[in-house]
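J.: The structure under discussion is supplied below as structure tokens; questions concerning it will follow.
What follows draws every value from the coordinates through simple rules; no lab data is involved. None of the values given here were measured: they were computed from a predicted structure. Neighbour counts are summed over all protein chains in view; Cβ atoms, including those assigned to glycine, are modelled from backbone coordinates with ideal geometry.
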Amino acid sequence: MATEVDDFYTAGVKEVGARRGLRALLFQALPKPLFKQIKFELDMLAVRLSRRGRFHKEYRASKDLLVNVGAGDVGKEGWVNVDGYQAKGITMRWDARRSLPFPDNSVRGLFAEHFFEHIDYRQEAPRFLAEAHRVLRDGGVLRIIVPDAEKYLKAYANGDWQTLSSIRPLDPQRKDFHFGFKYDTRMELINVVFRQEQEHKFAYDFETLELLLNRNGFKKVIRQSFGQCVDPAVCIDLEVRASESLYVDAVKVG
């Protein structure tokens, strides 16, 4: 027998109702998404202030690095695993929105899985892509994986739950695999995917991502699929993300 779970709306109402004391007062003054954003920016400022010099000393003479940006708690052995927060497997804390701590032409593969949608399209993304282009060697690959907005919108336009449930994926109760609540409407799901409490800054289809990469120095941009990459060494895709993701390889051409 399936266990009853809260829907998206009810889960949020219960969270607000459960706040007590200082926490309740804090979120009366600052909405939770704004509070989280301020805390995040202060944390990233602390990370930047803790680093001295343009390049990390450990990698000043390195070549053919494999770099996993926004690795979270799934850092890979043999890779330079970069994130703003410390987690299991993280090699280096760094604010990758601002710079990358590697010399020119020192990176063979740069992997960014469900990181790029968290940075601003017109301000932070160009800076990140410029840095990616700088650190990659000729023929090096930037692999970007993001939620596929086109896939989600086409599924929404179908007017039923079947395709959306397979993309996210959802269980028979429409319970979200990642967050644990269920959805009553398809638009609730779309908002969570595209906004995620304002953590997601932009939604991408291939046409838009290709344009952005072209504008920032990458002239060879290839739409790929899960497990398919120009350089197999850079293919460390998480299978749990495969159903909802857009896979793109951008190759630095000298």
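J.: Each label point is 7 Å from the Cα along the Cα-to-Cβ direction; what then is the distance between the points at Leu34 and Gln123, in nm?
T.: The two pseudo-label positions are separated by 1.6 nm.
J.: According to the square roots a ≥ b ≥ c of the eigenvalues of the Cα gyration tensor, what is the shape class of the stretch 23-167, taking rounded for a/c under 1.5, prolate for a/b larger than b/c otherwise, and oblate for the remainder?
T.: oblate
J.: If you don't mind, there's one more thing I want to ask. Only helical DSSP H runs with n ≥ 4 go in: add -39500 (n - 2.57) per run for the chain, normalise by residue count and round the 222 nm mean residue ellipticity to 500 deg cm²/dmol.
T.: My calculation for the chain gives -10000 deg cm²/dmol from helical runs alone.
J.: Out of Leu129, Val248, Ala157, whose Cα points farthest toward the positive end of the dipole of the chain (charges: +1 Lys, Arg; -1 Asp, Glu; placed on Cβ)?
T.: Sorting the options by dipole projection puts first Leu129.
J.: Do you know the relative contact order of the stretch 38-150, to the nearest whole percent, from alpha carbon pairs under 8 angstrom that are 6+ apart?
T.: 25
J.: While we're looking at this one, here's another question. Which residue fluctuates the most in the chain, going by a Gaussian network model with Cα springs under 10 Å, if the choices are His178, His200, His118?
T.: Ranking His178, His200, His118 by mean-square fluctuation puts His178 first.
J.: For the stretch 190-209 and the stretch 69-137, what is the centre-to-centre distance using only Cα atoms, to the nearest Å?
T.: Cα centroid of the stretch 190-209 versus Cα centroid of the stretch 69-137: 19 Å apart.
J.: Between Pro147, Val107, Leu238, whose Cα lies farthest towards the positive end of the dipole of the chain when Lys and Arg beta carbons carry +1 and Asp and Glu beta carbons carry -1, centred on the Cα centre?
T.: Val107
J.: Going by how many other Cβ atoms sit within 10 Å of their own, how do Asp160, Asp7 line up, fewest first?
T.: Asp160, Asp7
J.: Let me ask something else about it. Over the chain, what is the mean sequence separation of C-alpha contacts under 8 Å (at least six apart), divided by residue count, expressed as relative contact order in percent?
T.: Value for the chain: 19 percent.
J.: Still on this structure, please answer the following. How would you order 211-219, 109-117 from highest to lowest mean count of nearby Cβ atoms within 10 Å?
T.: Ranking, from highest mean packing down: 109-117, 211-219.
J.: If you place +1 on the Cβ of every Lys and Arg and -1 on the Cβ of every Asp and Glu, how big does the dipole about the Cα centre of the stretch 105-254 come out, in debye to the nearest 20?
T.: Here the stretch 105-254 has a charge dipole of around 420 debye.
J.: Follow-up. Would you mind telling me the antiparallel percentage of the DSSP bridges in the chain, rounded to 5?
T.: Given both bridge residues lie in the chain, the antiparallel proportion sits at roughly 45 percent.
J.: Follow-up. Determine the gain in length on full extension of the stretch Arg98-Thr208; use 0.36 nm per residue of separation and subtract their C-alpha separation, reporting nm with one decimal.
T.: 37.4 nm
J.: Nearest 20 debye, what's the magnitude of the dipole of the stretch 51-180 about its Cα centre given +1 on Lys and Arg Cβ and -1 on Asp and Glu Cβ?
T.: 540
J.: By how many nm would the segment from Glu239 to Phe179 grow when fully extended, if each residue of separation counts as 0.36 nm and the alpha-carbon distance is taken off?
T.: 19.8 nm
J.: Using a Gaussian network model of the chain whose springs link C-alpha atoms within less than 10 Å, name the residue from Met92, Met44, Met187 with the highest mean-square fluctuation.
T.: Highest fluctuation of the listed residues: Met187.
J.: Quick check: from the Cα gyration tensor, does the chain come out rounded (a/c under 1.5), prolate or oblate?
T.: Because a/c hits 1.5 or more and a/b fails to exceed b/c, the chain counts as oblate.
J.: How large is the dipole of the stretch 1-128 about the Cα centre if only Lys and Arg carry +1 and Asp and Glu carry -1, each at its Cβ, rounded to the nearest 20 debye?
T.: It works out to roughly 720 debye.
J.: When you count, for each residue, the other Cβ atoms within 10 Å and take the mean per peptide, how do 240-247, 141-148, 70-77 rank with the highest first?
T.: So the peptides 240-247, 141-148, 70-77, ranked by packing, come out 141-148, 240-247, 70-77.
J.: Taking a ≥ b ≥ c as the square roots of the Cα gyration tensor eigenvalues, with a/c under 1.5 meaning rounded and otherwise prolate when a/b beats b/c, else oblate, which class fits the stretch 75-152?
T.: Rounded shape, in that the Cα axes give a/c under 1.5.
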